[in-house]
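The values are calculated or read from the model by the stated rules, or taken from the named source; none is laboratory data. Given the structure is predicted, the values throughout are model-derived calculations rather than measurements. So basically every Cβ, Gly included, is an ideal-geometry build from the backbone, and we count neighbours across all protein chains shown.
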Amino acid sequence: MLCALAASGMAPAWAQQDKPAQEVYTCIDKSGRRITADRPIADCIDREQRILDHTGAERRRIGPTLTEHERAAQEVQRRKEAEQRARIAEERRRERVLLARYPDEATHREERLNALAQVDEVVAVAHKRIADLRGERKRIDVELEFYRRDPAKAPAKLQRQIAENDEAVAEQQRFIAAQDQEKRRIAQRFDAELAQLRQLWAAQRASAEQWTPPPGTR
């Protein structure tokens, strides 16, 4: 009897329930036509497709299939967005470090003065070295006085001392010039930091003023 029913298309209800529900794919193609099929629709590969169950209810959607070029462009965009997020996170981290290091303008000013003072100390040492070298040069010039009429006849040792003294003075002068540039760099760095810190301090104060303590904590 069961075989007869199956053959005639009149299978019992429990047999029909075992048959999986068929999915229906539907989309509107580039010409505006609605297409329906029992598998992904090739004419809608470049657009979204809805997947319906046998009752017509939407089960899910699948996006357009990307070309290799589109996938590569999407990956580049993903990387750019990830780099941007990482850059923003790093900026926020640096801001937190800056605020922890300089809670107020007085602290920042003190460190600026200390940084400049350290450069002044090494410059003072260089100036002292130049003064010593010039003292040595005076002694050399006293010896050179004997060969004033014909300096070329001065001993090689004396001529070498003159050259070494001149080079040592020039080296210290180059060092002092480099330290002057370093002081300018320090000043510029602290100026830029101060401008940023003033904004961060203002935002911090505004946030503190807007915060309301929970009831009963005052």
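Quick notes on this structure:
- Number of the condition not met by residue 160 [criteria: (1) more than 29 Å from residue 125 (Cα to Cα); (2) modelled with pLDDT of 90 or more; (3) not aliphatic (A, V, I, L, M)]: (1)
- Counting only residues that are without any contact (Cβ under 8 Å) to a residue 24 or more places away in the chain and either assigned to a helix (DSSP H, G or I) or under 23 Å from residue 171 (Cβ atoms) (or both), the stretch 130-153 holds 15 of them.
- Some residue of the stretch 189-204 being among the charged types (D, E, K, R), under 20 Å from residue 102 (Cβ atoms) and surrounded by 15 or more Cβ atoms within 10 Å (Cβ to Cβ): yes
- Scanning the stretch 47-77 for residues that are modelled with pLDDT of 90 or more and over 21 Å from residue 29 (Cα atoms) turns up 76, 77.
- Those strands (runs of 3 or more DSSP E) of the stretch 26-114 in which at least 1 residues are free of Cβ contacts under 8 Å to residues at least 24 places away in the same chain and either surrounded by fewer than 13 Cβ atoms within 10 Å (Cβ to Cβ) or of a type in the set (S, T, N, Q) (or both), considering only elements entirely within it, cover 34-37, 58-62.
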